[in-house]
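The structure appears below as structure tokens.
The values are calculated or read from the model by the stated rules, or taken from the named source; none is laboratory data. The model shown is predicted, which means the values in this text are computed figures rather than measured ones. Surface accessibility is based on the protein's heavy atoms, side chains included, excluding ligands, DNA and RNA. Shrake-Rupley method; radii C 1.70, N 1.55, O 1.52, S 1.80 Å.
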Amino acid sequence: MKKNKLAIGKRNEFAIWGYLLAEGFDVYPSLVDDKGIDGIVGYKGRYFEIQIKSGENWNNQRGISRAVVCENPNRIFLIYNTTEDEVRYFTGQHILDELEWQQSIDWDISQIKLPNRLLEKYESHNWNGFVAYLQASALA
């Protein structure tokens, strides 16, 4: 049976929304992936635009273009590695600040890769770091 990548991506989005609900966040998934936003997450009156990218590894997370990143540098991009059941999160500004991503977000098929160097640099941007970031940002 052939895997439908869009269906797989949508299932992974819903898994993330479920994890966020379990952490006590309000979750508002988009019915359509409009303007690079898969949904809004709310916490204590503060709301965050979220784009979720998932794959079986950390390479070639596609669809993160300069236009989408620049539209809102505070938008959060959550990369979900389904094989390892791990995440890394980045704001648009994080992506714009990384030299190698500045090039890859302009490619015809825009993407970011997460080699070991960047996985280690952003190690604290895992699930617990993501939850703490949302909570702290809501209280700021």
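For this structure, a couple of remarks:
- Too-long pairs where the Cα-Cα distance tops 25 Å, listed order kept, from Lys44/Lys121; Lys53/Lys121; Lys10/Lys121: Lys44/Lys121; Lys10/Lys121
- Å³ per residue enclosed by the Cα convex hull of the chain: 117 Å³
- The three principal axes of the Cα atoms in the range 77-120 give end-to-end lengths of 28, 20, 18 Å, sorted in falling order.
- By accessible area, using a 1.4 Å probe on protein heavy atoms only, the chain has 51% of its surface on carbon and sulfur.
- Fraction of beta bridges assigned by DSSP in the range 1-130 that are antiparallel (%, nearest 5): 75 percent
- Largest accessible area first, the listed residues Arg66, Arg46, Arg75 line up as Arg46, Arg66, Arg75 when surface is computed with a 1.4 Å probe on the assembled protein chains.
- Counting only protein heavy atoms and a 1.4 Å probe, the chain has 57 square angstrom of accessible area per residue.
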